[in-house]
Amino acid sequence: MITVRSLLDDAWYDRYLKICNLNIRSSIYDVTNACNLRCKGCFFFSSDEHLTGEEKDTAAWEAFVDAEKARGVNLAILIGGEPTLFLDRVEAFYRRLPSFCATNGLIKVPRDRFPDMMVGISLWGDGETERSLRGKDTFAVSSKNYAGDPDTYYLYTLTAQQLGRIEHMVRRIRDIGVKVHFQLLSNDEGADGFSWSPEQLRDVRSEMDDLLDRYPDTVISSRYYHEVLTTGTMLGRRFGWMECPSVSETHDFRNPQPRRLIRFRRWAADLKTTHRCCTSATRDCDTCKDGAAHMSWVMVNKRAHIRTARDLQNWIEVYEMFAKLYRFIPW
Ligand code: SF4
Ligand code: SF4
C-alpha cells in the first residue's frame, strides 16, 4: 500500500510533519466597502460586492469575531475595500484570531498596535502598469511604509504586460528586504490587452519558475503552484466551479461535493451577507485565475497526491508556501 511514509525520504518526511497537523480553518472578511483606490479589474467593485451595507459599530465587529472563533475559524483573512481605513475593525480580529491583512500599502499598518500581523501588499506591476490600472504608482509609497518589515510580503498580480519585466520589480522588492508572492490577473473588467492567451500563460509560468530559482530568498512560491495556476489543471483534472475549494459553505449546493475548505465563508462588511466565493461573485469560473483558490485546490486534495514521491513533494511545497504566507511556519 502506498503511504506518505513510503513515498518520502527522511528530509521530506520531516517537512511533511511540520505542516500535516496545522488544521487551518480560514475565512475571509470584507472589513469595509470603501477604498482609497479604484483599480481597473478590481473584482470587488466590478462585481458590486461593495453594495452591501457596512456595520459601523466596533462592538458588533468584536462580537462577530467571537462568533467566528466559536465557529472554528483559526485564520482571518482581512480584505475589502481597504482594511487599513478602519483599523479598529482590524484590531477586533487581531486581538482574537491569527489575522492576515491584505492592503494596497498606501496606509502603514502601525506596528506598535499590530506588531506581528502578516501584511500582504497588492502590487500590479511596475510604475507604468500601476498608473495605467490603478491610477497611482503604489510601490513608490508602500515600499517606504514597509521597507525591512519581516511580516510583510508583496502579492504581485502579474499581467501579460509584465512579461519579461517581472524581475525588475522582484529586485526592487528584494532590495527593500521584503518577500514576494505571485498571482495572475483575471481581468474581471475586461481591460484592453489584459486577458491571457495560452502562449502568454506558458511564458509567465517559465518566467515565474526562473525567478523562483534565482531569487529563492525573496520569492515565496513553488513550481507546482505555477503549473497548476497557469494550466488550470491538476493531476489531469480541470479547475472550475465543480472543483473550486473556496466557495462559501452558505452558497455551496454542488452535487457531488468536491473537496473544499472546511467551514469556509467570505463575509461582507455588513456582517450578515456572505459572498459566493473568495473572489468576484460574477467571475466566470472557467477563466478564474485566483491564486489562493488554486493553492487551496492543491491543499485540500492531499489524498490524490499520495501517488508518487514527486506528486506528494509538490503537495508539500504548495502547503508550505501557504503556511509561510499566513505565518504558520517561518519564511
Ligand atoms: S486597492 Fe484593492 S480593493 Fe481597492 S480598488 Fe484596488 S484592487 Fe480594489
Ligand atoms: S470565481 Fe474562482 S474562486 Fe470563485 S467559485 Fe469560481 S473558480 Fe472558485
Picked from segment 82-128 (must be surrounded by fewer than 23 Cβ atoms within 10 Å (Cβ to Cβ) and among the small types (G, A, S)), the residue nearest to R327 (Cα to Cα) is G120
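Residue-by-condition table, conditions (1) polar (S, T, N, Q); (2) within 16 Å of ligand 1 (Cβ to nearest atom):
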site	(1), (2)
E249	no, no
A292	no, yes
V300	no, no
N314	yes, no
Y319	no, no
F328	no, no
Filtering segment 49-59 for residues that are in contact (Cβ under 8 Å) with a residue 12 or more places away in the chain and more than 14 Å from Y29 (Cα to Cα) leaves a count of 2
Take the conditions within 16 Å of ligand 2 (Cβ to nearest atom) and either at pLDDT below 95 or closer than 19 Å to W331 by Cβ (or both) and apply them to L163. Does it pass? no
In segment 9-66, anything of a type in the set (K, R) and assigned to a loop (DSSP other than H, G, I, E, B) is listed as R25, R38, K40, K56
The number of residues in segment 35-65 that are near ligand 1 (Cβ under 9 Å from one of its atoms) and either within 17 Å of A76 (Cβ to Cβ) or aromatic (F, W, Y) (or both) is 3
The residue that is farthest from ligand 1 (Cβ to nearest atom), considering only those in segment 251-275 that are charged (D, E, K, R) and out of contact with any Asp or Glu (no Cβ under 9 Å at 6 or more places or on another chain), is R254
For P198, the lone unmet condition from (1) closer than 25 Å to I24 by Cα; (2) surrounded by fewer than 16 Cβ atoms within 10 Å (Cβ to Cβ); (3) not hydrophobic (A, V, I, L, M, F, W, C) is (1)
Reported set for segment 240-262 where residues are more than 10 Å from ligand 2 (Cβ to nearest atom) and assigned to a helix (DSSP H, G or I) is E249, T250
Inside segment 127-161, the number of residues satisfying the requirement of being under 16 Å from M208 (Cβ atoms) and not in a helix (DSSP H, G or I) is 7
L212 passes all but one of the listed conditions (1) buried (at least 16 other Cβ atoms within 10 Å of the Cβ); (2) in contact with a strand residue (DSSP E or B) (Cβ under 9 Å, 6 or more places away or on another chain); (3) touching a residue at least 24 places away in the same chain (Cβ under 8 Å); the exception is number (3)
Note on I329: of the conditions (1) within 16 Å of ligand 2 (Cβ to nearest atom); (2) closer than 27 Å to D116 by Cβ; (3) not polar (S, T, N, Q), unmet is (1)
Selection from segment 263-308 of residues in contact (Cβ under 8 Å) with a residue 60 or more places away in the chain, within 9 Å of ligand 2 (Cβ to nearest atom), out of contact with any His (no Cβ under 9 Å at 6 or more places or on another chain) and in a loop (DSSP other than H, G, I, E, B) yields C278, T279, S280, T282, R283, K289, D290
V119 meets each of (1) hydrophobic (A, V, I, L, M, F, W, C); (2) out of contact with any Cys (no Cβ under 9 Å at 6 or more places or on another chain); (3) closer than 21 Å to E82 by Cβ with one exception, condition (2)
Of those in segment 139-168 that are within 14 Å of ligand 1 (Cβ to nearest atom) and within 19 Å of the chain's Cα centre (by Cα), the residue nearest to T218 (Cα to Cα) is Y154
- Task: Say whether the condition of being assigned to a helix (DSSP H, G or I), surrounded by fewer than 20 Cβ atoms within 10 Å (Cβ to Cβ) and charged (D, E, K, R) is met by at least one residue in segment 175-191.
- Result: yes
In segment 74-92, residues that are closer than 15 Å to A268 by Cβ and assigned to a helix (DSSP H, G or I) total 2
Among residues of segment 7-63 being modelled with pLDDT under 90 and among the small types (G, A, S), the residue farthest from R283 (Cα to Cα) is G41
Report yes if some residue within segment 231-246 is closer than 20 Å to L312 by Cβ and of a type in the set (A, V, I, L, M); otherwise report no. yes
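The values are calculated or read from the model by the stated rules, or taken from the named source; none is laboratory data. What you are looking at is a predicted structure, and each value in this text was computed from that prediction instead of being measured. A quick note on method: Cβ atoms are made from the backbone with ideal geometry, for glycine too, and the neighbour counts reach across all protein chains shown.
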